[in-house]
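Some notes on the structure that comes next.
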Amino acid sequence: MLDLADLPSCTKCALSEHRQRVVIGSGPERSSLMVLGEAPGRSEDEGGAPFIGRSGRLLFELIGNELGRRRDECFVTNVVKCRPPANRTPRPREIAMCRPWLDEQLRRCEPAVVLALGNTAAKSLFGFDEGISVTHGRVVQLGGAKGVATYHPAAALRGGPSVVEVMRGDLRIVRELLGAR
Ligand code: URA
């Protein structure tokens with residue numbers, strides 16, 4: 001079994017060569033809601049925690065509004081734990097190398113719902129072939145958990161109120177799933 005204590009020294013892929021910090025995750029190890037992003041950005045690489053930049057502020061404002069949850073009540077992590085150079089999309093091999101860490105986090109978290117943010121998270125965890133404009137709001141079974149995908153908050157920062165409204169609708173689906181348990 002993997003020991004998450006070994007994650008800060010992981011060198012399984014080349015992303016480890018460029019990072020300042022491994023961004024493991026934040027929040028309680030066990031939570032009914034796991035929030036899954038793509039990869040750390042600059043702020044996260046410097047600060048060592050996920051979603052502490054601009055997109056994170058929007059994300060947790062929406063989660064607070066729609067789910068009534070604070071950031072510290074969700075387990076938050078990313079598909080890959082090290083920042084890709086220039087914030088490029090993580091490569092399939094990097095995602096695959098990092099997957100056992102995510103699987104171990106899922107095992108410990110035992111979430112009722114996993115909220116995947118954006119295409120990288122939704123495609124890699126839920127196996128979606130289509131893009132997020134088609135797959136957002138879809139509910140999938142993921143072991144004992146339900147999975148729901150929505151837009152990445154960075155897309156909402158670029159796309160404006162219409163994307164935020166779609167995210168709010170997807171979060172209301174998450175709220176129902178959490179309430180129904
Ligand atoms: N974008 C992500 O996908 N994850 C973070 O932690 C920050 C920005």
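The values are calculated or read from the model by the stated rules, or taken from the named source; none is laboratory data. Being a predicted model, the structure only gives us computed values, none of them experimental. When we count neighbours, we look across all protein chains shown, and the Cβ atoms used for this are built from the backbone with ideal geometry, even at glycine. Each accessible area value is taken on the protein alone, full model and side chains, heavy atoms only, with ligands, DNA and RNA left out. Shrake-Rupley method; radii C 1.70, N 1.55, O 1.52, S 1.80 Å.
A crude spin-label estimate for the pair R158 and D103, with each label 7 Å from Cα along the Cβ direction, gives 3.2 nm.
Tell me whether the stretch 142-181 comes out rounded, prolate or oblate; compute the Cα gyration tensor, take square roots of the eigenvalues as a ≥ b ≥ c, and use a/c under 1.5 as the rounded threshold. It is oblate, given that a/c is not under 1.5 and a/b is not larger than b/c. Maximal additional length on extending the E46-E29 stretch stands at 3.9 nm, based on 0.36 nm per residue less the C-alpha distance.
Using the Karplus relation 6.51 cos²θ - 1.76 cosθ + 1.60 with θ = phi - 60°, the per-residue 3J(HN,Hα) values for the stretch 5-13 come to 5, 7, 4, x, 10, 5, 10, 6, 9 Hz, with x marking Gly and Pro.
What does the C-alpha gyration tensor say about the overall shape of the stretch 42-181? Classify as rounded when a/c is under 1.5, otherwise prolate if a/b is larger than b/c, or oblate. Verdict is rounded for the stretch 42-181.
Two tests apply to each whole DSSP H helix in the chain, Cα reach of 27 Å or more along its axis and mean Kyte-Doolittle hydropathy of at least 0.5, and none passes both.
Just checking the listed ones, K146, K12, K81: in the Gaussian network model of the chain with Cα springs under 10 Å, the one fluctuating most is K12.
Springs between Cα atoms under 10 Å define the GNM used for the chain, and in it the highest mean-square fluctuation of M97, M167, M34 occurs at M97. Here's the list of lysines a cross-link from K12 could span, going by alpha-carbon distance under 19 Å and ignoring same-chain residues fewer than 8 apart: K81.
On the chain, 48 percent of the accessible area sits on carbon and sulfur atoms, based on a 1.4 Å probe. 3J(HN,Hα) couplings calculated from phi for the stretch 15-29 with the Karplus curve 6.51 cos²θ - 1.76 cosθ + 1.60 (θ = phi - 60°) are, in sequence order, 4, 5, 6, 9, 6, 8, 9, 7, 9, 7, x, 9, x, x, 4 Hz; Gly and Pro show x.
Suppose we take every Cα in the stretch 98-138 and form the convex hull; what volume per residue is that in Å³?
Working: hull volume 2.9 nm³, N = 41.
Here the figure is 70 Å³ per residue.
In the context of the full set of protein chains, residues of the chain present 47 Å² of accessible surface per residue (probe radius 1.4 Å, heavy atoms only).
If you build a Gaussian network model of the chain, linking Cα atoms that sit under 10 Å apart, which residue out of R158, R19, R83 swings the most? Judging by the Gaussian network model, the answer is R158.
Per-residue ellipticity at 222 nm from helix content only, as computed over the chain with -39500 (n - 2.57) for each DSSP H run of at least four residues, stands at -13000 deg cm²/dmol.
Phi angles of the stretch 140-152 translate, via the Karplus equation with coefficients 6.51, -1.76, 1.60 and θ = phi - 60°, into HN-Hα couplings of 10, 8, 9, x, x, 10, 9, x, 9, 10, 9, 5, 6 Hz per residue; Gly and Pro are given as x. Stretching the chain fully between E61 and A96 yields a gain of 9.5 nm (0.36 nm per residue, less the alpha carbon separation).
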